[in-house]
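*Asks:* Please find one structure pasted underneath; my questions will follow.
The values are calculated or read from the model by the stated rules, or taken from the named source; none is laboratory data. Remember, predicted model here, so these are calculated numbers, not experimental data. Cβ placement follows ideal geometry from the backbone for every residue including glycine, while neighbour counts extend to all protein chains displayed.
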Amino acid sequence: MRVTSVIRAVVLLLTLLGTWFLMQTYFQHSWRAISLRSWLGASKKPSSEKLPRHKCGNQKSCPQNYFAFKIISGAANVVGPSICFEDLVLMSSVKNNIGRGLNIALVNGTTGKLLKTDAFDMYSGDVTKLQTFLQGIKRGTLVLTASYDDAATKMNAKVRAYFTELGSSHVGTLGFRDNWVFLGAKGLMNKSPFEKHIKNDKETNKYEGWPELLEMEGCAPRKMD
Ligand SMILES: *[C@@H]1O[C@H](CO)[C@@H](O)[C@H](O)[C@H]1NC(C)=O
C-alpha cells in the first residue's frame with residue numbers, strides 16, 4: 001500500500017519534471033527562432049533596447065566640443081517646463097525649481113558647469129529682478145530659457161534688448177501666453193539658431209487659451225579660448 005503511493009508520487013514528480021523540461025526546451029527554441037528572424041530583418045519592429053541612448057534622450061549624439069541640450073516649454077498652465085543640459089536636468093517640476101513665467105539656466109560655455117537657475121514671474125512679478133539677472137550675465141555664458149504659462153506681460157524693452165543681445169530673434173514679438181524656448185549666449189553668436197516661438201492664437205491653439213508646447217533639442221558649441 002505504502003510502496004504504491006511512493007511509486008505514484010515518484011511517477012507524478014517525474015512527469016512534472018519531464019513536462020517542465022519539454023516546455024522549457026520548446027520555448028527556448030521559439031525564442032531563438034524569433035530573435036533569428038529579427039536578426040535577419042524579417043521583423044522591422046524597432047527594439048528600443050537596441051537603440052543607443054543619447055544625452056537628454058535626444059535623437060542624435062553631439063560631436064566633440066558640443067553640449068547636448070533639450071528645452072521643453074510648459075504646456076498651458078498645467079505642466080511645467082524642463083531644461084536638460086549634458087544629460088543633467090537643470091530645471092523641472094520634479095526638481096521643484098521652475099515657475100510660471102520665464103525659467104532660465106546659466107551654464108559656463110567652456111566647462112559646461114551649471115552657474116545658476118532662476119524662475120521669473122512675468123505676469124505679476126517684479127521685472128527689475130529679471131533685468132538685474134540678465135545684466136549680470138558674463139561673456140562666455142550659455143543661457144537656456146523656457147516659458148511657462150505667460151512669459152510676456154511684464155516684459156519690457158530693456159529685457160527684450162538683453163535677450164536680443166544673447167541672440168534671440170523672436171523676443172521682440174513675444175506676447176501674452178506665447179510659448180518660447182531659447183538657447184543663447186553672451187558673446188558667442190550674433191543670432192542663435194536655437195530658438196522656437198509659437199503664438200497664442202485662438203484659431204490654432206492646442207489648448208484653450210494656450211498654444212502647443214515647444215520642444216527643442218540640439219548641440220550647442222563649446223566656447224574655445
Ligand atoms: C568658466 O569657467 C572657466 C574655468 O573655470 C573660468 O575661467 C571662466 O571665467 C568661466 N566663465 C564663466 C562665464 O563663468
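*Asks:* Which members of the stretch 90-111 meet the condition of being over 25 Å from THR153 (Cβ atoms) and over 17 Å from the mean Cα position of the chain (by Cα)?
*Replies:* Answer for the stretch 90-111, where residues must be over 25 Å from THR153 (Cβ atoms) and over 17 Å from the mean Cα position of the chain (by Cα): ASN108, GLY109, THR110, THR111.
*Asks:* Does the stretch 154-174 contain any residue that is in contact with a Lys or Arg (Cβ under 7 Å, 6 or more places away or on another chain), closer than 16 Å to ASP118 by Cα and more than 16 Å from the ligand (Cβ to nearest atom)?
*Replies:* From the stretch 154-174, those in contact with a Lys or Arg (Cβ under 7 Å, 6 or more places away or on another chain) are 166-167, 169, 171-172; that's our starting set.
Of the ones still in play, those that are also closer than 16 Å to ASP118 by Cα are none.
The answer is no; no qualifying residue exists.
*Asks:* A follow-up question, please. Determine whether the stretch 155-177 contains at least one residue that is touching a residue at least 40 places away in the same chain (Cβ under 8 Å) and more than 21 Å from LYS55 (Cα to Cα). Spell out the reasoning first.
*Replies:* Residues of the stretch 155-177 touching a residue at least 40 places away in the same chain (Cβ under 8 Å): none.
Checked the stretch 155-177: no residue is touching a residue at least 40 places away in the same chain (Cβ under 8 Å) and more than 21 Å from LYS55 (Cα to Cα).
*Asks:* Counting residues that are within 16 Å of the ligand (Cβ to nearest atom), of a type in the set (Asp, Glu) and touching a Gly at 6+ places or on another chain (Cβ under 6 Å), which strands (runs of 3 or more DSSP E) fully inside the stretch 44-148 reach at least 1?
*Replies:* Details: elements: 66-72, 82-85, 88-91, 101-108, 114-120, 141-148.
Fully inside the stretch 44-148 and qualifying: nothing.
*Asks:* Related question: Could you run through the stretch 181-197 and say how many residues are in a strand (DSSP E or B) and under 18 Å from the mean Cα position of the chain (by Cα)?
*Replies:* Going through the stretch 181-197, the residues in a strand (DSSP E or B) turn out to be 181-185, 195-197.
Adding the requirement that they be under 18 Å from the mean Cα position of the chain (by Cα) leaves 181-184, 195-197.
Number satisfying all stated conditions: 7.
*Asks:* A further question on this structure: Among the residues of the stretch 178-193, which ones are more than 16 Å from the ligand (Cβ to nearest atom) and without any contact (Cβ under 8 Å) to a residue 60 or more places away in the chain?
*Replies:* Step one: filter the stretch 178-193 for residues more than 16 Å from the ligand (Cβ to nearest atom), giving 178-182, 190-193.
Passing the criteria: ASP178, ASN190, LYS191, SER192, PRO193.
*Asks:* Pairs needed: first member in the stretch 79-90, at pLDDT 95 or above; second member anywhere, outside any loop (DSSP other than H, G, I, E, B) and aromatic (Phe, Trp, Tyr); C-beta distance under 9 Å; at least 6 residues apart or different chains.
*Replies:* PRO81/TYR148; ILE83/PHE69; CYS84/PHE69; PHE85/PHE67; PHE85/PHE69; GLU86/PHE67; GLU86/PHE69
*Asks:* Could you please give the count of residues in the stretch 174-216 that are of a type in the set (Asp, Glu) and either within 21 Å of ILE137 (Cβ to Cβ) or surrounded by 21 or more Cβ atoms within 10 Å (Cβ to Cβ) (or both)?
*Replies:* At the first step, the residues of the stretch 174-216 found to be of a type in the set (Asp, Glu) are 178, 195, 201, 203, 208, 212, 215.
Narrowing further to those that are either within 21 Å of ILE137 (Cβ to Cβ) or surrounded by 21 or more Cβ atoms within 10 Å (Cβ to Cβ) (or both): 178, 195.
Summing the residues that are of a type in the set (Asp, Glu) and either within 21 Å of ILE137 (Cβ to Cβ) or surrounded by 21 or more Cβ atoms within 10 Å (Cβ to Cβ) (or both) in the stretch 174-216 gives 2.
Each row is one residue, and each column tells you yes or no for (1) at pLDDT 60 or above; (2) surrounded by 10 or more Cβ atoms within 10 Å (Cβ to Cβ); (3) acidic (Asp, Glu).
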| site | (1), (2), (3) |
| --- | --- |
| LEU12 | yes, yes, no |
| THR19 | yes, yes, no |
| GLN24 | yes, yes, no |
| ILE34 | no, yes, no |
| SER38 | no, yes, no |
| GLY41 | no, no, no |
| LYS45 | no, no, no |
| GLY57 | yes, yes, no |
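*Asks:* Could I ask something else about it? Which of the residues belonging to the stretch 198-214 are of a type outside the set (S, T, N, Q) and assigned to a loop (DSSP other than H, G, I, E, B)? Talk me through it step by step, then tell me what you get.
*Replies:* Applying the first criterion (of a type outside the set (S, T, N, Q)) to the stretch 198-214 yields 198-199, 201-203, 206-214.
Residues satisfying the conditions are LYS199, ASP201, LYS202, GLU203, LYS206, GLU208, GLY209, PRO211, GLU212, LEU213, LEU214.
*Asks:* Another question, if that's okay. In the set GLU212, GLU203, which member is assigned by TED's automatic domain parsing to the domain that holds SER82, without any contact (Cβ under 8 Å) to a residue 12 or more places away in the chain and more than 16 Å from the ligand (Cβ to nearest atom)?
*Replies:* On the way: GLU212 fails: without any contact (Cβ under 8 Å) to a residue 12 or more places away in the chain.
Only one candidate passes the filter, namely GLU203.
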